[in-house]
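I have placed the structure first, in the form of structure tokens, so that the comments after it can refer back to it.
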Amino acid sequence: MRLLKKWTSFTKSDISAYVDLLPLPAFTVANGKIKSVNNEGLKLFGAQHVRQLSGLKFLEFFSIDSMQLVQSSLLNPLKLNIQSPECIATLSNLNGESIKVEMRSSNIHFNGNNGFLIIAQNKTRHYHLEQELVEKNHLIEKIAQTIPDIIYVTDIQTNESIFENNSLLKFLGFDNSVVTSNKWTFLFSRVHPEDVPKIRESAQKLQRSTNDTQFVETEYRILDAKDQWKWIYSRSRVFKRDESGKPLQHFGIAHDITALKNTQESLDEKVHELRGKNKELERYITSNRELEKYAYIASHDLKEPLRTIVGFSQLLDKKFHDTIDPEAKEYIDHIIEGTKRMETLVKGLLAYSRVDSNGLPFEPADLNEIMDHIVRDLTNSINENSVQINIQEMPRITCDKLQIRQLFQNLLSNSIKFKSADPLTIDVGWTREDDGILFFIKDNGIGFDMVYHDKVFEIFNRLHSKDKYPGAGIGLSICKRIIERHNGSIWLETKIDHGTTFYFKIPH
């Protein structure tokens, strides 16, 4: 504001004319009272005409707290020929409005009186904007201090911290009393040596950056107050440039990813372990296939010699039946019987080895049709043993039809073989569960001790003598292989003299 700087003599009309020409609110004060005021001044005081202000004391427009400031700054007659300092105070006008005004005064002499010419500016809007900005900055800082992530603004050239929230030092377990020098210099000294080049490269990228929306991302390790390595992921971009476009400051957010890195490291170890086990499994599968191939070849090649032994033994018995003594005939009978048992074992081994290699593609199958075929095939055995079979309405499943038929037939035959003296009843049913269909075959046969519940599925393992219960001990082993090929599981519940229930589940 340009003001008169000297005691100058004016008439009242000269003063009024001069004041009216000023574009800002202007008025004169003499003896503490308002004497003249321009149109902008009337608006400031909330008056329509100068008469409304005539005779009013200027200081009464200010609060008691501000009166002394206004008096000493604007109405000081001792400061001759000196423009008053800027005075900012709140003025309450005639309309009851509170207006923030910035004022300066100059001493003047008019109509024989000493007075003051005061020029003012309405700074209310500016003041409110400043207050709003201060409040917003306070709110932003409060939010920044509340956020658990590290927030920072740094000078790109000097690497000095302009702002950082409390999370920075809290994260590492330090307090301000420990860090007396530049925080970033201190923290940089604790970065893992292997990660220092990455941080320097990120800083260079920010210095070369021409795009303020492009973020530079970095992961690095830093030593905390307990001398433990913490992982940090930071994401920063240019925040401020000079007039030439040169980057001055960058803004960033850093996040603690130590737990994530530890989890990732643990997963990597698990993956490495699983890869090792996978290789071991592949070796096992290869070995198993070779064993299956060997079992198939061996059992296939053994069939012919066994037939030859049986055939020649029978011819020997037939040709020399009347001439050989009873002891020699008993030996021949043992040879024939043992060879037939061996042939049964070879057939079972051949069937066991073919479960995987000779399996058919899976396709939808109606188990009701399959059960009808099984019951027809077992008709003689069912009638001879007076068996009552109760079969629930069966579902459709996707499977190897021939193997599932063999599975049910083996289990039903097993129940019939190990029947008790009581009439045998077999119940066949199923329930649908979340992870598949659970089937059961329940009988009231002789049962056995549950301590052997795993052994019955082992190949060639028998719980009863072959004289009383003939067989090769392979049927249930084949059932287990079939279920495994269908990605299912099989188990049983049994009790001596109370029967056995076989369960097996086939996934959807």
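The numbers here are math on the coordinates, done by the rules we state, and not lab data. Predicted model, so just to flag it, every value in this text is computed and none were measured. Positions of Cβ are generated from backbone atoms using ideal geometry, with glycine treated the same way; all protein chains shown enter the neighbour counts.
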### Task
Can you run the Rg to Rh ratio on the stretch 147-256? Use alpha carbon positions and the Kirkwood inverse-distance Rh.
0.96
### the stretch 360-506: C-alpha pair distances exceeding 25 Å, %
24
### Message
Quick check on the exposure proxy: order 213, 425 from fewest to most C-beta atoms within 10 angstrom.
### Response
213, 425
### Query
When Lys and Arg each count +1 and Asp and Glu each count -1, what net charge do the other residues less than 14 Å away from residue 440, Cβ to Cβ, add up to?
-1
### Query
When we measure straight from the Cα of residue 318, which aspartates and glutamates land under 15 angstrom away, once same-chain ones fewer than 8 places off are left out?
330, 333
### Task
Step through the table entries 270/505; 329/417; 136/246; 205/230; 480/505; 136/183, compare each Cα-Cα distance with 22 Å, and write down the pairs that go over it.
270/505; 329/417; 136/246; 205/230; 136/183
### Task
Just round it to a whole percent: the fraction of Cα-Cα distances in the stretch 177-238 exceeding 14 Å.
61
### Summary
Under the 7 Å Cα-to-Cβ spin-label approximation, residue 420 and residue 224 lie apart by a distance in nanometres of 6.6
### Message
Taking 8 Å as the Cα distance limit and 6 or more residues as the minimum spacing, I'd like the relative contact order of the stretch 147-256 as a percentage.
### Response
30
### Task
Beta carbons within 10 angstrom, averaged per residue: use that to sort the peptides 125-135, 50-60, highest first.
50-60, 125-135
### Query
Where does each of 116, 457, 504 land when they are ranked from fewest to most other beta-carbon atoms within 10 angstrom?
457, 116, 504
### Query
Efficiency by 1/(1 + (r/R0)^6): what FRET value for residue 98 and residue 163, r their Cβ-Cβ distance, R0 = 30 Å, to the nearest 0.05?
0.35
